[in-house]
Structures are given as C-alpha cells and as structure tokens.
1. Could you work out how much longer the chain between V159 and T120 gets when fully extended? Use 0.36 nm per residue separation minus the Cα distance between them, nm to one decimal.
2. Loop-only trypsin sites (Lys or Arg not before Pro) in the range 265-336, please: DSSP not H, G, I, E or B, and at most 14 other Cβ atoms within 10 Å.
3. Calculated from DSSP H runs of 4 or more alone, at -39500 (n - 2.57) each and per residue, what is the 222 nm mean residue ellipticity of the chain, nearest 500?
4. Let me check I've understood the local charge: for A160, count other residues with C-beta under 12 angstrom from its C-beta, Lys and Arg +1, Asp and Glu -1. What total comes out?
5. When only Cα pairs under 8 Å and 6 or more residues apart are kept, what is the percent relative contact order across the range 255-300?
6. If I model a spin label as a point 7 Å beyond the Cα along the Cα-Cβ vector, how far apart are those points for S13 and N245 in nm?
7. Pick from Q54, Q27, Q242 the residue whose mean-square fluctuation is largest in a GNM of the chain, springs joining Cα atoms under 10 Å.
8. List the GluC sites (Glu not before Pro) within the range 331-396 that fall in a DSSP loop (any state other than H, G, I, E or B) and whose Cβ has at most 15 other Cβ atoms within 10 Å.
Amino acid sequence: MSLNESEPTAVGSYDANSAVLVLEDGQVYVGEPYGATGRTFGEIVFATGMTGYQETLTDPSYDRQIVVQTFPHIGDTGVNHEDPESSRIWVAGYVVRDPSPVVSNWRATGSLDDDLQAQTIVGIADIDTRKLVRHLRSAGVMRAGIFSGDALTDETGKVADIADLLAQVKAQPQMSGSNLGPEVSTKETYTVEPTGDFEGKDPLATVVAVDLGIKAMTPHRLAERGCRVHVVPMTTTFEQIQAMNPDGVFFSNGPGDPGTADDTVALLRAVLDAGYPFFGICFGNQILGRALGFGTYKLKFGHRGINQPVKDLTTGKVEVTAHNHGFAVDAPIGETIVTPYDGGHFGKARVSHIDLNDNVVEGLECLDIPAFSVQYHPEAAAGPHDASYLFDRFVNLMLNTKDSKEGSVNA
C-alpha cells in the first residue's frame, strides 16, 4: 500500500506487526516484516536481476543501500556457502514482493529468510515493488528507512506516526559525498594463488588488487588465468605495492561517491606514472577517470542488475553485462582526447564502452599508457559471462608489457 505525504495518514493503516517503508519524499509502503525486525536506513535502489540474489546481498558495493528486487519471487533456491561474494551481507535493507515459502535447490544449506535474520538485515515483503520501482525511476533514488518490530512503537507501546519516521529518514546522510571504501576494504592483505589448470604452477603474472569493496569472484577470475593475486587494503601505499613487484595493478568495485576518494586517485596516479599495467572495474573505472582528469557525477537511479546492454566501441560487439553503480565518469564519447589531468600528463584516452540504454560511459582506454577500465562487472557472478574476455585482455597486457621490458633490458 502506498500513501502520499500530502494525504492524511491514519495510524490504523499499519500496526506493530507491520513493516513500513518510508521514502524521503513522503511515500510510504506498508507490508510484512522479512528477515530481521528493527529499523534500517540507506539509499533505496533497485536491482533487476532475475537470479543471483545471494551475490547481490553480499556485494560490498551495496553498503548503506536498501535494495529492491524487481523480480517478484525471491528466495526459491535458498542460500548456500559457495555463492557469497564476501564474508557477510552488505545491503542495509531488503525489499521484495513475494518471498518464497519453500526452498528448493540441491545446493541449499538454509533459507534466505533465516540468513537475513541471522545477519540482522531488516527487510519488508508483500508490497507493490513494481509501483515502487516505477516511482524511483521517475523521482530518482533517495534516502529511505524500513521500520518493524520495536522500531514501530515508542516506549509506551504506541505505534509511531509517519511524521516521526520520515524525520528519522531525512536525518540520514546522502550517498553523494559519502566515503564508504574504508568500511568495506579488507584490513589485512591476503593472497589468491593460481587455480584450475594453473594450480601448483608458477604464476604467469603477479597482480596487486586494491580492495575498494572487491567481490570474491574477481581475484578468482584472475587466478584461473594463472595469476597470483595479492588483495590489499585501500590504505596500502605505493611503496608497499612496489615492494610486491607486481606485473599489474587492479582496482576493484566499491561503494560510495568517487568524488571523495582523493587518496585513492593519488595512489593510482603513482601506479600509472610507474608504468604498471592497470585494470579497474566499477569504482576502479571511476577512479581511473578521475586520475585522468575527468569528472564524475551521480546517476538518477543508476544501473543495477545482470541484464545491461553495453557496446564495446573498440570491437563493435554488444555484451549483456552485470552492473552495480550509481555514479559515472563524465568523459566525451566518440573521440580520442588528450586527458585533462596536468595538461595531458597521461597522454591520450578514449571511451571504450557505452551503455546502450542511456549512453552512460562504461569503459575507458588509455592509448599511451597500459591502462583500461570498465564500469561493469566482468567477473559475472551470477552471470552473464559476455565480458569475461576483459580478464584475458588484462593478462595479455601484463605479459606483453613484461616481455617488452625484458626485451629492452636484453637489448
């Protein structure tokens, strides 16, 4: 049920057993509690994937975001210990229409509802998510709160009114200006060794992956191509990266406003100056954009899901890709330009990929230094796999750069 702020809101429209979703523009949706009860706040966004809800929930890029699933039936396959992209659920809250009452999958070790409760993720179910998403597409994503259980009553047991709940929502910080990388980045360095056909063999290349909110599948994709991957905290210094003697450097996805990441931009500029091959995805693409001197901006409702069409302008190929971003790089499309930073310090670059839905920049390619990035997720968990070639491109870039350096030394 949706109530508009301009309309009178009767306390009888919900009770202490309800769950209430309040948007900062005054829209209210009343449903049933799902997962844990309590209160939670965040930027409310929507994800369009029909599958992969477990990967969505555990993606660190969703830190401080309330996720609405556009696919109506969620929870059918339960949860397992193999699909999470990190050690915990990161979403601030969860909104679904029809939670499945039955778990039916041979890999399942439990239900989604139980997992949400165990990790104290407050959710709401049985609301009109189609109406909600249509509103967010029109009005744009915004702050919101989910209230249930004790959070819906005061100390006397009286059910809270909408005005009080709305005031709590409006007191929360905006996503613009939020620096969230420190919340999600690993605190300790860890290493992922080559796997698959390369298990037990000397690595083809060594990669330092700076964790800005990395998904577990990303270093695995590099490892299965013969790379040894050192995943390091975002506070790692350039000197510490140098000491690992990498063949390439990778910057991961992550949450928050790239406009706040000045230290990370400075780190990448040092990496590029040193000539290390570089690959960035999602937040890493935005950091490369800033390092080259381009700006970033917030999208109205962002791209989140596993069905986004992207065109590779270097090949003409169209890929269906996985996305999770609310910010984008502001760079000119269709031309090769001298990068703005320091009068062309890093030479020329071009936009390599665009989103076919709205022409948003989805990739950058440097022409005079070994660096490129994409805005989407080529690790593709839970799919699709159209963009997996980008990991091969990075490995080839590292090997070719290494060969050219060795050739120069031998000459």
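Bear in mind these aren't lab numbers, they're just calculated from the coordinates by the rules spelled out. The model shown is predicted, which means the values in this text are computed figures rather than measured ones. Please note: Cβ atoms are built from the backbone with ideal geometry, for glycine as well, and neighbour counts cover all protein chains shown.
1. Values: separation 39, 0.36 × 39 = 14.04 nm, distance 2.19 nm.
Between V159 and T120, full extension yields 11.8 nm more.
2. Working: sites: R269, R290, K298, K300, R304, K311, K317; in loops: K317.
Those satisfying the criteria are K317.
3. On the way: 10 runs with 92 residues, N = 411.
It comes out at -6500 deg cm²/dmol, rounded to the nearest 500.
4. -4
5. Values: 24 pairs, mean separation 20.4, N = 46.
Averaging sequence separation for qualifying contacts and normalising by length gives 44 percent for the range 255-300.
6. It works out to 6.7 nm between the two label points.
7. Comparing Q54, Q27, Q242 in a Gaussian network model of the chain, the most mobile one is Q242.
8. Details: sites: E335, E362, E365, E379; in loops: E335, E379.
Qualifying residues, ordered by number: E335.
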